[in-house]
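Only the coordinates and a few stated rules stand behind these numbers; no lab work does. Since the structure is predicted, the reported quantities are computational estimates derived from the model, not experimental observations. Because the Cβ atoms are built from the backbone with ideal geometry, glycine has one as well, and the counts that use them run over all protein chains shown.
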Amino acid sequence: MLRDTDDAASAARNYALRLGGWSLALFGLFRLPWVATQIVWPATRLQSAGAIAFFGPSSAPVEVTLACSGADALSVCLGAIVAYPASWRMRATGVAAASAGLLALNTLRIGTLGRVASSPRLFEALHRYVWPAVLTAAIAGLVFAWMRVADRGRGAATVAAPPRVAVFALTAGVLLLLFNVAAPLYLENARVLAVAMLVARGAAVMLRGIGMNATASAGILTTSRGAFLVTQECIATPLIPIYVAAVVVYSRTWRRAALGAAAAVPLFVALGMARLLVVALPPSLTGSPAIAIHAFSQFVLAAGMVCALAVWRHGARPSTWARAALAVALALVCGRLLGGPYTRGIMWLATPSYTDPQGALWLLPAFQAGLLLALSAAALALRDWSRVAVGLALLAFVQVAVGSALGMLTHAALMPPVRDIRAWALLGPALVMAMVIHLAPARR
């Protein structure tokens with residue numbers, strides 16, 4: 001039974017790696033200048049013409065650009081199909097069917113947006129919230145329907161249920177996507193702002209409790225280390241959709257799910273206050289308090305990843321938690337001692353010209369190296385040091401490539417959002433670690 005579980009987990013992990021690789025490759029392919037001008041742009045114009053033919057001209061001037069092509073959604077959908085273990089004939093059929101379905105749906109999207117263009121509020125709601133959710137659901141439906149057909153086609157008598165961790169990863173991914181899509185709803189909400197002001201006042205009380213001079217007024221936390229504006233963005237952490245996914249997937253009863261949902265608000269209010277308490281730490285540990293505050297959720301997620309990987313590899317026992325704690329401590333010590341020289345070396349090789357006010361890019365190389373080191377210490381044995389060395393070398397190569405790509409994007413006036421940099425800070429080491437684990441058998 002354990003072997004079957006390990007085999008299922010290994011299959012899910014391998015599929016996730018292939019899915020990520022194919023999706024990224026297709027995403028980059030669609031953005032190559034020749035492909036964009038000779039294939040994607042004509043397809044976009046064809047969709048625009050089809051939308052006009054079916055729905056009539058737009059009610060107000062609307063510019064249809066390459067961003068309207070649906071290429072991003074197509075990259076994810078086709079990556080999921082091509083990565084699935086099926087015959088190439090079945091994959092080709094799935095690619096053709098999914099491409100036709102998504103392009104038709106995107107044509108419908110362009111047509112409906114054109115018809116409501118004269119109503120800015122309705123246009124904004126459809127463009128930012130409704131259609132992204134519809135496209136996400138359509139991708140999931142197309143892929144899962146094709147998978148069922150592919151499994152029947154190869155004579156699979158029964159299809160094993162996916163491991164719970166794979167269900168959690170998929171659920172968390174969908175909720176994170178919806179969380180980002182719905183950002184305007186909570187980033188401009190007065191009630192969320194009121195919660196942010198409550199967080200600032202609570203943090204001021206706690207800081208005064210430990211002897212630090214701190215006051216809060218109108219969402220501004222003023223301390224001896226500076227003043228910090230606490231807004232909706234400060235408490236809208238990506239930990240929220242991940243927490244919701246954990247409650248949905250791992251709650252075995254409705255009662256537990258209800259308790260988990262009820263605990264969400266006080267939990268994240270407390271977490272928001274803890275985030276601001278970073279200003280009380282010595283500067284020798286945190287450096288700039290603003291950078292440390294902005295990176296708080298990133299570090300919390302990283303610690304959670306280390307603990308989860310340790311439990312998955314070694315089981316939930318006291319020695320496992322001790323191993324995870326030592327792994328996190330090792331990463332912090334190495335990051336503090338070696339992070340500066342390592343970052344300067346990567347930046348010198350990559351020479352990116354992109355900067356951000358939160359310091360996410362400057363933190364990226366040392367953070368990723370430390371996270372990969374912690375994941376390795378949590379999951380692997382000492383005799384696997386050679387695999388760890390290969391993983392670190394691969395990560396350094398990827399960091400230089402990504403840094404160089406960021407430089408090219410900056411020259412093209414395409415600056416990635418800070419949240420994307422933080423997401424890559426976590427995803428990069430996770431992908432490298434998945435490759436390393438694939439070479440090292442599980443131990444219990």
* Assuming a ≥ b ≥ c are the square roots of the Cα gyration tensor eigenvalues, decide whether region 188-297 counts as rounded (a/c under 1.5), prolate (otherwise, with a/b larger than b/c) or oblate. => prolate
* Report the full-extension gain for the segment residue 385 to residue 325: residue separation times 0.36 nm, less the Cα-Cα distance, to one decimal in nm. => 19.7 nm
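Are there trypsin sites (Lys or Arg not before Pro) in region 227-325 that DSSP puts in a loop and that have at most 10 other Cβ atoms within 10 Å, and which ones?
Taking region 227-325 and a limit of 10 other Cβ atoms within 10 Å, the loop trypsin sites (Lys or Arg not before Pro) found are 252.
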* Vicinal HN-Hα couplings computed from phi for region 197-207 (Karplus, 6.51 cos²θ - 1.76 cosθ + 1.60; Hz; Gly/Pro x) -> 5, 4, 4, 4, 5, x, 5, 4, 4, 5, 5
* Once both labels are modelled 7 Å past Cα along the beta-carbon direction, what's the residue 14-residue 316 spacing in nm? -> 2.9
* Before anything else, pin down the relative contact order of region 2-162: Cα pairs under 8 Å, at least 6 apart, normalised by residue count, whole percent. => 29
* Structure fact -> For residue 220, other-chain or 5+-apart residues with amide H closer than 5 Å (H placed, Pro excluded) are 230
* To do: Give, rounded to the nearest 20 debye, the magnitude of the charge dipole that region 48-129 has about its Cα centre when Lys and Arg contribute +1 at Cβ and Asp and Glu contribute -1 at Cβ.
  => 180
* Structure fact -> Taking Lys and Arg as +1 and Asp and Glu as -1, residues besides residue 301 with C-beta under 13 Å from its C-beta add up to +3
* To do: Any chance you could check the Cα centroid distance between region 234-251 and region 28-107 for me, in angstrom?
  => 31
* Structure fact -> In nanometres, the difference between 0.36 nm per residue of separation and the alpha-carbon distance of residue 37 and residue 67 is 9.5 nm
